[in-house]
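The values are calculated or read from the model by the stated rules, or taken from the named source; none is laboratory data. Given the structure is predicted, the values throughout are model-derived calculations rather than measurements. Heads up, the Cβs are rebuilt from the backbone with ideal geometry, glycines too, and the neighbour counts pull from every protein chain shown. Each accessible area value is taken on the protein alone, full model and side chains, heavy atoms only, with ligands, DNA and RNA left out. Shrake-Rupley method; radii C 1.70, N 1.55, O 1.52, S 1.80 Å.
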Amino acid sequence: MRVKYQDGDSALHRLDPVAKLAALSAFSICIFLFDSIAFEALSLGAILLAAYLIKAGPAVSIVRSRYAITLTIWLVVIQAIFTPAGSPLLVIPLHFFNVTVTDMGILKGLIISLRFLDVIAASGLFIATTGPAELAYALMRSGIPYRYGFMLVLMLRFMPVFEMEMGTVRDAQAARGLEVDQGGVKSLIKSIRYTFVPLIVSAISKVDCLVVSMEGRAFGYMPRRTFLHMKKPTFADMSIIATSIAIMAFLFLDRWGGWVPLPRLSV
């Protein structure tokens, strides 16, 4: 299921996008450095609860989608089969060799699968509460050169346009009797030839128009750009940014120095 920005007036919606991005980065680092099923499960529960309270339905649905559930099961199975450490729980006899399932493999698979669910749930909540243009403008106000920020704005604005044009091209090819949705390498090459080539031609034509428009507006003439709406970060935003940076710095330094023992799976 696709996650899109949803208008709202919750506390997460009102936070500065840079603060939410910093918190998301710190959270992602934490879940990858903590080998704890309890921490991963509680984090996932907190994210889903927050998404439910602010009525961000797609952020919850993406976790229970068929894609997420299938990949989660495969992560557990692969780790259970290919992790030799730990105590054997089950031996599966095959024709040429035996597959030994260990407790360490199952625990490692559960932790990796929970990390995957945490990442997609947190990212979905971030997308559902952060407008794309608002994120780009917040990054530009934070010091990123506006030329790079404008690239992000263009990408976000043209993605729906190209998606609509791709549907139009595929419908046109299907009306001509071309079957580009079948599996196989031959069908993939045909799909690239008859679908992406028209999209590339369309994108190039849009680039020419965009370049003329940008030159007509003297884009890049001034070293800094102005904004129609200036939104200054609040004390809560600055506190979240500072706390996130401190957490990331501490975790990296602790990973190098080993001052505080973090949860680890013992072999």
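I need every pair where a residue in segment 151-166 that is over 14 Å from LEU210 (Cβ atoms) has its Cβ under 7 Å from the Cβ of a residue that is open to solvent by 50 Å² or more (accessible area, probe 1.4 Å), sequence separation at least 6 or different chains.
LEU156/PRO132
If the Cβ limit is 6 Å and pairs must be 6+ apart or interchain, which residue in segment 130-150 that is closer than 10 Å to ARG225 by Cα pairs with which residue that is surrounded by fewer than 17 Cβ atoms within 10 Å (Cβ to Cβ)?
Correct list of pairs: TYR146/ARG225.
Going by what's in this entry, would ALA174 be described as modelled with pLDDT of 80 or more and surrounded by 11 or more Cβ atoms within 10 Å (Cβ to Cβ)?
No: the conditions fail for ALA174.
Within segment 18-43, can you find the residues that are open to solvent by less than 20 Å² (accessible area, probe 1.4 Å) and within 15 Å of the chain's Cα centre (by Cα)?
LYS20, ALA22, ALA26, ILE31
Only one of VAL119, VAL91 is touching a residue at least 24 places away in the same chain (Cβ under 8 Å), of a type outside the set (Gly, Ala, Ser) and open to solvent by 30 Å² or more (accessible area, probe 1.4 Å). Can you tell me which?
Residue meeting the stated conditions: VAL119.
If I filter segment 67-75 for residues that are out of contact with any strand residue (DSSP E or B) (no Cβ under 6 Å at 6 or more places or on another chain), surrounded by 13 or more Cβ atoms within 10 Å (Cβ to Cβ) and without any contact (Cβ under 8 Å) to a residue 40 or more places away in the chain, do I get at least one hit?
yes
When only residues in segment 226-242 that are open to solvent by less than 100 Å² (accessible area, probe 1.4 Å) and of a type in the set (Val, Ile, Thr) count, which is farthest from ALA11 (Cα to Cα)?
The selected residue is ILE241.
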